[in-house]
Structure formats: structure tokens, C-alpha cells
Amino acid sequence: MLDYLYLIVTGAGTARECPALAGRLMLLAEHLTVVLTPNAERIVAPREFTLAFGDRPGCRLVESYFDVAILPRPPHGAVLVAPCSFASLNKLAAGIADNLALSIVSEAIGRRTPVAVAVSVNQSLWDHPITAESVARLRGWGVRVHEPRALDDRLTMASPDFLVDEARSILLGAHGGP
């Protein structure tokens, strides 16, 4: 296992999948910290993450800027933003950190900590001109941006299997692994 992994959950409908995703991610890192945006908390209850963690040490849900897990600032590690909503994608690209979750991601980008973003938007928002600009800007900063995948007749977040593999990859890369 490796050190720190942050799962940042934003307010896309696919946030409902994230407690199960967190259950898989906690096997990759010694410490898994989950942070939800305020809009994500309208979609998935924070207690679902604590249930997924069970009694596993090193896993926690952070709900406050004053949580000891992130003071004085989050430790180095890797960050996975999944799902990343249209609003959060564009805020990150514009340097807007107006909540704890986006502040953590923005700090990680500034520190050059490995960051992966799994975009979860519908076709109209994916086709919006600002989306391409935001994706290009984030990629220019070294962020690994993963486009939504087609599922039936709609777009959705990358698959959980892909996201677990991506988290493993960024954690290994952050530690000089193969």
C-alpha cells in the first residue's frame, strides 16, 4: 500500500457510485480521505462513506477545514476527483476554490501533486465550448482529465474499474513505482 489518496466527490449524479468506489480505493492507500462538495452532499449521504470504510484505519470522511487530517495542509499524495461535475471542472480550470473539496484539489495542482479528474456530464455540457477550454487548461497543468464514457444513449463517468486502475497508476507514479 502507498501513502495518501484523496477522493474528491462533486455534485454529479454519478456521486451515488462513490461509496462503493471508496470501498475499493481504500485497499490501494494507507490513508484514504474523502471530501464532498456541498452539492455532492445533496446526492450522496456522507454516512454512506463511513459505512463503506467500516473499521478500516486510515480511512476518513473530512467535512471541515478544521479536521486534523488536513491541518496544517493536506499531506502529499494523489488526488482523484470522481465524479467531476461541469461546475467543478470549470471552477478548477478558473482557479476557483470556493469550498473545501476544490481547495484541496487546487492546492494539489499548485504543489504538482498528481491529480486525476473523471468528468461526469451529459452530452450537451460535454459539447459546451467552455468544457474543451477547461479540459485543455487542466491538462496543460499536468492534470489527468478523463472524458466521460458512452453508456447506452448517454454519457457517464469513467468505469469504477478504470478509476481504481487510474488511482493505482497515479499513486505508483507519485512514489516512483513502475
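Coordinate-derived values only; no laboratory data. Bear in mind that the values here come from a model prediction, so they are computed numbers and not experimental data. Counting neighbours? That spans all protein chains shown, and the Cβs are built from the backbone with ideal geometry, glycine included.
Observations, loosely collected:
- Length gained on full extension, Gln123 to Val68: 15.8 nm, using 0.36 nm per residue less the C-alpha separation.
- Backbone HN-Hα couplings from phi across the stretch 94-111 [Karplus 6.51/-1.76/1.60, Hz, Gly and Pro as x]: 8, x, 8, 10, 9, 8, 4, 4, 6, 5, 4, 5, 4, 4, 4, 4, x, 8
- Under 14 Å from the Arg24 label point (7 Å along Cα→beta-carbon), backbone N, the stretch 132-161: 157-161
- Normalising the Debye intensity of the stretch 2-174 to I(0), with uniform scatterers on Cα atoms only, and taking log10 at q = 0.09, 0.17, 0.19 Å⁻¹ returns -0.26, -1.00, -1.28.
- For the pair Ser169 and Arg144 in one chain, pulling the backbone fully straight at 0.36 nm per residue adds 7.9 nm over the alpha carbon distance.
- Near the amide H of Val117, within less than 5 Å, lie the amide hydrogens of Val81, Arg144, Val145, His146, all on another chain or at least 5 residues away, with H placed in the peptide plane.
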